[in-house]
1. Exactly one condition in (1) open to solvent by 30 Å² or more (accessible area, probe 1.4 Å); (2) in a strand (DSSP E or B); (3) under 18 Å from T93 (Cα atoms) is not met by H221; state its number.
2. From the list P346, P356, exactly one residue is open to solvent by 30 Å² or more (accessible area, probe 1.4 Å), under 20 Å from V435 (Cα atoms) and in contact with a strand residue (DSSP E or B) (Cβ under 7 Å, 6 or more places away or on another chain). Which is it?
3. Could you list, in sequence order, all residues of the stretch 19-34 that are open to solvent by less than 10 Å² (accessible area, probe 1.4 Å), under 32 Å from the mean Cα position of the chain (by Cα) and either of a type outside the set (D, E, K, R) or over 20 Å from H78 (Cβ atoms) (or both)?
4. When you scan the stretch 153-209 for helices (runs of 4 or more DSSP H) that lie fully inside it, which ones turn up with 3 or more residues that are at pLDDT 90 or above?
5. When residues of the stretch 20-46 are filtered for being closer than 14 Å to V59 by Cα, modelled with pLDDT of 90 or more and among the hydrophobic types (A, V, I, L, M, F, W, C), how many remain?
6. Can you name the residue in the stretch 8-19 that is over 20 Å from T82 (Cα atoms) and among the small types (G, A, S) and is also modelled with the highest pLDDT among such residues?
7. Pairs under 7 Å by beta carbon, first residue in a helix (DSSP H, G or I) in the stretch 91-115, partner among the β-branched types (V, I, T) and buried (at least 16 other Cβ atoms within 10 Å of the Cβ), six or more apart or different chains?
8. I'd like the full set of residues that are touching a residue at least 40 places away in the same chain (Cβ under 8 Å), open to solvent by less than 10 Å² (accessible area, probe 1.4 Å) and in a helix (DSSP H, G or I), limited to the stretch 1-17.
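The values are calculated or read from the model by the stated rules, or taken from the named source; none is laboratory data. Predicted, not measured: the structure shown is a model, and the values here were computed from it. With ideal geometry, Cβ positions are generated from the backbone for all residues, glycine too; neighbour counts draw on all protein chains shown. Note: areas computed on protein heavy atoms with side chains; ligands, DNA, RNA excluded. Shrake-Rupley method; radii C 1.70, N 1.55, O 1.52, S 1.80 Å.
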Amino acid sequence: MVRTKDRPGFVARALTSIAAQSYRGWRICLVNDGGDEAALDAALGDFVRPPAFRSGSVVRLDLPASVGRAEAFNRGLHALDTEFVCCLDDDDTWDAHFLDELLAFFDRTLPLAPDLGGVAALVTAIREDIVVEDGVETIRALGEEGLPHAFGRKDFFVDPVAYTTYRHDLYPVQWMLRRDAVIEAGGFPPDFNVMEDRAFMTIFLQSRRLAVLDKKLAFHHRRVRRTDDTQRSVTLNTLDNPSYDWRLFSDLAKVGLNTPRAETGDATASPVATAALVRAAAASVVRELNDETSALWHKLDGTRSGIEARLSRLETALQGGAGGHEVDIQAEERLWSLWPAVGSSPIGYTLGAGTPFLDRFALSMAETPAGLLFHADPGTQRAILQIPDTRDWTALEMSLEGWLGAKADPTLSGIRADLIVSDLQGCLFETALSVETRDRLGRRSHAFSDGHVHACQPGGAVQVTRYFDASAVGPAASAKLSIALPRQARNFRLMIHDLVISRLP
């Protein structure tokens, strides 16, 4: 069953995921909760036209006015005549084997648990956004998103106490329930127009078991820009939860444990059954407390270990050499030094790919991403290059013009380059000589030679010394020291403590 209201772009995708099911015995009740019928017709096209209606595989309820999320589900529940019922909200989807896998799982489990009321699959959260392309709103997936721990529990059966206390959770897109058991539980409570599925499931679990298949077969889609949902555009008009007092609705959703009645039909509870129920409830509560204590301990222990590791790296950086490290080269031998080029005051600015900075530097990369920053502080002797995404190729290149290449100083036989870098996380990088040449037609080409790979240990510093012979460059138009950074690195920071170019001894 699918609930929708003025979200034709989403509901068409949801119905498509049903049509793609490997199990072909499905039936759909599409509940249009007071939404625009013409817009829904246009979005669905042939999907809800004959032969789908003639075969009875699709039932559509167009409600003249909105009755709310809970009652919309109940209307669809009673319009179906199937053995099982699912709740696929219009912005969610299923794996093609969702129905097949859950039906088989139910059949395997029922002989072992006669009170089985349904089954569920694990879920994947998908981040997405709505973009406008050529004037048309399009759903664009942005990747997976993390879920709270309560969605990742490995219990075979959902524990009623764990569910009531929010330590086990499910989205409606995950479950498939016996229709008669849902009706017996009263369906979704009509007074709830938010958390109605949780209020229902809390009641359902008092008398029925729900088994969970350890497979991710359901997809819960989330928009990254929730403010767009409130603008009621044709695609984004939402049924999502309004801003209610969550604590109030949470308490209203909780139901006390039922006291079993005597099999004779007497209104009084059986003492034996009552004692068994109390013991079961107590054991479940103790288990949840133990799990919570264990989880809290592991979290604190992990936090402690993380802090100790960071302190260790910082101590290594302070004692082992990142702070205060300088290249030990006599002043008369130096041709160029980083900190005199920076000056006496801190500097910082945004960068662009291929745009020179500090006279001799430029970044070699395909395009300029947002957040490309540079900062140098002579007081702490740290020059930091921040790159949001290094992608397939990013290199910091320093021009060696005047020392090597076509315009080289004839008195120099070569140069020595000394570089000191550090990294709290540790990284690999490569240094090489980059030479630009031209053919007879004037076409440019680049060649990299004498490449060396270097390792910077976590929290430590590494000094790299490279020697480049002038004769190895020849009459090339220019020569550069190329520092190639790790590929596909996110939020990468190159920290340089010193860089000195000097004469070959």
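1. (1)
2. Only one candidate qualifies: P356.
3. Within the stretch 19-34, the first condition is being open to solvent by less than 10 Å² (accessible area, probe 1.4 Å), and the residues that meet it are 21, 28-33.
Next, only the ones that are under 32 Å from the mean Cα position of the chain (by Cα) stay: 21, 28, 30-33.
Within the stretch 19-34, Q21, I28, L30, V31, N32 qualify.
4. Because the criterion is at least 3 residues that are at pLDDT 90 or above, the helices (runs of 4 or more DSSP H) in the stretch 153-209 that meet it are 179-184, 196-204.
5. Final tally of qualifying residues: 5.
6. Per the criteria, the residue is A12.
7. Between residues of the stretch 91-115 that are in a helix (DSSP H, G or I) and residues that are among the β-branched types (V, I, T) and buried (at least 16 other Cβ atoms within 10 Å of the Cβ), the close pairs are L102/V119; F105/V119; F106/V119; T109/V119.
8. Listed by number, the residues that qualify are F10, V11, A14.
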